[in-house]
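See structure below.
The values are calculated or read from the model by the stated rules, or taken from the named source; none is laboratory data. This one's a predicted model, so the numbers in the text were calculated from it and none came from an experiment. Here the Cβ positions follow ideal geometry from the backbone for every residue, glycine too, while neighbour counts run over all protein chains shown. Heavy atoms of the whole protein, side chains included, go into the accessibility calculation; ligands, DNA and RNA do not. Shrake-Rupley method; radii C 1.70, N 1.55, O 1.52, S 1.80 Å.
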Amino acid sequence: AKQQMNLLISIPPFLTLCCFLGLAVFTIIQGRRTKVNILFFVTCILGSFLYIDILFAFNVKSAELALTISRIDHLFIIYLFPIYIHFFHSYLNISGKIWLIRLAYLVAFILMWFIPTPLYIESMQKHSFGFFAKGGVLYPLFGIGSLCMAIIVLTLIFQAIRNEKNSNQKNRLKYVFAGFGVIGVMNGLNVISIMG
C-alpha cells in the first residue's frame, strides 16, 4: 500500500519532469541557437533537476541520500532566479538593466557556497509520502529571491503588455504572464513548505 501511495504521489512530479524535458528537447530540435532559446533551454533543464530531486526524495529509503541529492540539486537550482530574469530581459528585448541580471547572478553565486551546509538545507524529514527538506537559517533567502524574481518578471511582462500595440503579441504576452504567475505561485508554495 505504501509503494502504491508513493507511486501515485510521484506521478505529478514525473509528469512535470517530462514536460520540462520535452520542452528542452523541442527547443533544441526546433529552435535556432538564439540567446532567448539557449536561456529557455537552460531554464527547462534546471526545472528538470528540481523534479528529479523531488522524485528521489519521495522514493529513496535513506535520509542521508535524499539530503545529498537535494543539496547537489540546489547547487544548480539556485541559478533559476538569475536565468529567469535574464531570459525575460532577452525575450522582451529590454536593455539598460544589465546590472540587475549581474546582481541576480552574484547573489546566486554567493548563496551557492552555503548550499552544502545545514545553513541552507538543514535536514530531511520523513513523511508518509517520503522525505521532504527542512530549510536552514539561510533558506529564507531562497524564498525572498523567489519572491523578488517573480515580482520583477511579472512587472516586466505587465509593462510589455501595456506597451505592446500588436494584438497578437499582446495576447501572447498575456498567456506568458498567466503561465509565469502560476509557476511563481507553485514555487512559492514549495518554498513555504520547506521553511516549515
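When you count, for each residue, the other Cβ atoms within 10 Å and take the mean per peptide, how do 86-98, 70-82, 27-39 rank with the highest first?
Values: 86-98: 15.7, 70-82: 19.9, 27-39: 13.1.
Top to bottom by mean Cβ count within 10 Å: 70-82, 86-98, 27-39.
Of the solvent-accessible surface of region 106-148, computed with a 1.4 Å probe and all protein chains present, 81% belongs to carbon and sulfur. Once a ≥ b ≥ c are taken as the square roots of the eigenvalues of the Cα gyration tensor of region 1-113, is the result rounded (a/c under 1.5), prolate (a/b larger than b/c) or oblate (a/b not larger than b/c)? Oblate, since a/c reaches 1.5 and b/c is not below a/b.
Taking 16 Å as the straight-line reach from the Cα of Lys134, the lysines in range (excluding those fewer than 8 positions away in the same chain) are Lys126. Were the residues from Phe129 through Ile45 laid out at 0.36 nm apart, the gain over their Cα-Cα distance would be 27.7 nm.
Going through [x] 55, 34, 27; [y] 60, 38, 32; [z] 65, 44, 30, the figure that equals Cα extents along the principal axes in Å as computed for the structure here is [x].
Cross-link partners for Lys35 among the lysines, with Cα-Cα distance under 25 Å and sequence neighbours closer than 8 places in the same chain left out: Lys97, Lys165, Lys170, Lys174. Subtracting the Cα-Cα distance of Arg162 and Leu75 from 0.36 nm times their residue separation leaves 27.7 nm of extension gain.
Okay, helix-only estimate at 222 nm for the chain: each DSSP H run of n ≥ 4 adds -39500 (n - 2.57), divide by all residues, round to 500 deg cm²/dmol; what do you get? Display every interim value, and only then the final one.
Details: 7 runs with 149 residues, N = 196.
Counting only the DSSP helices, I get -26500 deg cm²/dmol.
For the chain, the membrane-span-like helices by this rule, meaning whole DSSP H stretches whose C-alpha atoms cover at least 27 Å of axis and whose Kyte-Doolittle mean is 0.5 or above, are 2-30, 35-59, 139-163; this says nothing about an actual membrane.
Entry note, region 1-149: relative contact order of 24 percent, from Cα contacts under 8 Å with a spacing of 6+ residues. With R₀ set to 35 Å, the beta-carbon distance separating Ala63 from Leu15 gives a calculated FRET efficiency near 0.85.
Between Val25 and Ala178, the simple spin-label model (points 7 angstrom out along Cα→Cβ) gives 2.8 nm.
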